[in-house]
């Protein structure tokens, strides 16, 4: 009986330690990041995401062409806007969205999905609110960790490895 109690106590301590370690997102291999900007229109947009690293891997492996990619790591990348905005000329209502993409050599599809509070690999196309197509480009410099930037004029860029993908939010 004493052994069972000790084993249960040890198991409980290990489980508790693992749970608290998992809550500290800064200790993950793909750390959290957030970028925010208030646009000229008065809308504040933010992107809350985790930053996977290239680590010498091929982009073909990391972002397979033609397949839905979670556009980050860990939990779903969250795009939030305080007001209705236009993304590449298409209306996106105020709110929170998960961001997915479909990479391609000549075109990327950026997807805004209404289910945002979830793990990043869970994707349901029927929950899509908006899809826009944009052209990828070659980045000016190599970026080891996935990075989003938002400019005051609404230019949003995703940079990873030698790839840059931009879309306009107004």
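The values are calculated or read from the model by the stated rules, or taken from the named source; none is laboratory data. Computed from a predicted model, the values in this text were never measured in an experiment. All Cβ positions, even for glycine, are placed from backbone atoms using ideal geometry, and neighbour counts span all protein chains on display.
Checking residue 120 against (1) farther than 21 Å from residue 82 by Cβ; (2) modelled with pLDDT of 95 or more; (3) surrounded by 15 or more Cβ atoms within 10 Å (Cβ to Cβ): exactly one of these is not met. Which one?
Here residue 120 meets the rest and fails (2).
Quick check: anything in the stretch 135-142 outside any strand (DSSP E or B), more than 18 Å from the chain's Cα centre (by Cα), modelled with pLDDT of 95 or more and more than 17 Å from residue 43 (Cβ to Cβ)?
Of the stretch 135-142, the ones outside any strand (DSSP E or B) are 135.
Adding the requirement that they be more than 18 Å from the chain's Cα centre (by Cα) leaves 135.
Narrowing further to those that are modelled with pLDDT of 95 or more: 135.
After this cut, where a residue has to be more than 17 Å from residue 43 (Cβ to Cβ) as well, the list is 135.
Checked the stretch 135-142: at least one residue is outside any strand (DSSP E or B), more than 18 Å from the chain's Cα centre (by Cα), modelled with pLDDT of 95 or more and more than 17 Å from residue 43 (Cβ to Cβ).
Provide a single number: the residues in the stretch 83-118 that are over 19 Å from the mean Cα position of the chain (by Cα) and closer than 17 Å to residue 69 by Cα.
So the count comes out to 2.
Restricting attention to the stretch 104-117, report how many residues are touching a helix residue (DSSP H, G or I) at 6+ places or on another chain (Cβ under 8 Å) and buried (at least 16 other Cβ atoms within 10 Å of the Cβ).
Of all residues in the stretch 104-117, those touching a helix residue (DSSP H, G or I) at 6+ places or on another chain (Cβ under 8 Å) come to 113-115.
Cutting the leftovers down to buried (at least 16 other Cβ atoms within 10 Å of the Cβ) gives us 113, 115.
So the count comes out to 2.
Please determine, by comparing only the residues of the stretch 36-74 that are over 18 Å from residue 160 (Cβ atoms) and under 18 Å from the mean Cα position of the chain (by Cα), which one is surrounded by the fewest Cβ atoms within 10 Å (Cβ to Cβ).
From the stretch 36-74, those over 18 Å from residue 160 (Cβ atoms) are 36-46; that's our starting set.
Then drop every residue that is not under 18 Å from the mean Cα position of the chain (by Cα), which leaves 36-37, 44-46.
Numbers: 36: 11, 37: 18, 44: 16, 45: 22, 46: 18.
Across the stretch 36-74, the extreme among qualifying residues is 36.
Return the residues of the stretch 32-58 that are under 24 Å from residue 151 (Cβ atoms) and modelled with pLDDT under 95; say none if nothing qualifies.
40, 41
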